[in-house]
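Just below is one structure, and these are the notes that go with it.
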Amino acid sequence: MVSTNKTFIEGSMILNIFGQKVPVIFEEGLEERTGHEGEYDYETHSIHIDSKLEGKTLDRCIFHEMLHALFHRTGVTHYFGENEGKDMEHLLVYQLTDFLFESFELKLIQSTDRVSSQGKL
């Protein structure tokens with residue numbers, strides 16, 4: 001699903017969250033349009049990441065969105081509820097991401113290299 005105001009870059013990542021395939025879509029201008037470097041789409045079960053992110057910032061953003069996907073897949077999101085629960089979920093995701101990245105040398109197993117149809121970007 002591509003609309004005229006979005007430019008998608010093909011990503012090389014598909015995550016497996018408890019049996020659910022979750023594509024990581026690198027999207028130009030995501031942060032400018034939404035105010036967020038990354039987002040998890042609860043309806044399409046996909047992660048959208050601003051294409052300008054690199055290195056540790058990219059890993060951290062993907063991990064953060066993976067936690068949203070994990071909470072959604074395991075029912076934690078539904079437990080918290082749709083309104084106030086989203087704030088609680090987001091707080092937990094931020095805290096877990098910060099704790100784990102500050103405490104451990106985390107690095108994603110899959111490559112975060114982005115690939116276009118013409119080759120590596």
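The values are calculated or read from the model by the stated rules, or taken from the named source; none is laboratory data. For clarity, every value in this text was computed on a predicted model and none was experimentally measured. Cβ coordinates were reconstructed from backbone atoms using ideal geometry, including for glycine residues, and neighbour counts include every protein chain displayed. For accessibility, only protein heavy atoms count, side chains too; no ligands or nucleic acids. Shrake-Rupley method; radii C 1.70, N 1.55, O 1.52, S 1.80 Å.
Out of the residues in the range 59-80 that are over 9 Å from the mean Cα position of the chain (by Cα) and open to solvent by less than 20 Å² (accessible area, probe 1.4 Å), which is modelled with the highest pLDDT? Step by step, filter the range 59-80, then rank; the result is Asp59. Scanning the range 1-19 for residues that are under 15 Å from Leu70 (Cα atoms) and either at pLDDT 90 or above or open to solvent by 50 Å² or more (accessible area, probe 1.4 Å) (or both) yields Ile14, Asn16, Ile17, Phe18, Gly19. Taking (1) surrounded by fewer than 21 Cβ atoms within 10 Å (Cβ to Cβ); (2) in a strand (DSSP E or B) in turn, Lys52 satisfies each apart from (2). Residue count for the range 81-109 under the criterion of being over 20 Å from Ile49 (Cα atoms), surrounded by 12 or more Cβ atoms within 10 Å (Cβ to Cβ) and of a type in the set (S, T, N, Q): the result is 0.
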